[in-house]
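Right, one structure below, let's go through it.
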Amino acid sequence: MRPIKLTNLAAQPEQTRPQAQPLSPAVARRYLATGLLLLAVWFAVYRQLSPLADFLAFDVLNLPPDSRLGKATQFFLYDTPKVLMLLALVVFAVGILRSFFTPERTRKILAGKREAVGNVLAALLGIATPFCSCSAVPLFIGFVTAGIPLGVT
């Protein structure tokens, strides 16, 4: 087995990005309204997961509620969609956050700071990152690519 080379994580020369055109107020309002509507639907579905899991486990499958199989089935039918929905929400929120808070901006905040100060600032910036590898690993790779030292990340 050959060792993995991490040379592609080294800081690359900065590339200039084309300037994005700002959204018109009408389009921004439409995006915001759509996002809020989808968030309301998400919460409505999320609140109905427990009654739906009870209905499926105990009424449709006719499992006794006090049996281990009934409780395990109800738990599975409740927790699986709950975790998937929460993961989808967190990944979406981190995607939006990363669009406004780029690794380059983080590098500018942390540049020139002593290691102790940089570690505290990095920890404060990490609060906005969920504790799963779905977003932490890409964020870490983005920080390393942007040239932020490993001691701070």
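Brief remarks on what is shown
- Verdict on Thr73 being outside any loop (DSSP other than H, G, I, E, B) and within 23 Å of Leu38 (Cα to Cα): no
- Counting only residues that are surrounded by 11 or more Cβ atoms within 10 Å (Cβ to Cβ) and either within 20 Å of the chain's Cα centre (by Cα) or in a loop (DSSP other than H, G, I, E, B) (or both), the range 39-56 holds 6 of them.
Quick note: the coordinates plus some simple rules give every number you see, no bench work behind them. Keep in mind the model is a prediction, meaning the values are calculated, not measured. Using ideal geometry, Cβ is built from the backbone for each residue, glycine included, and neighbour counts are taken over all protein chains shown.
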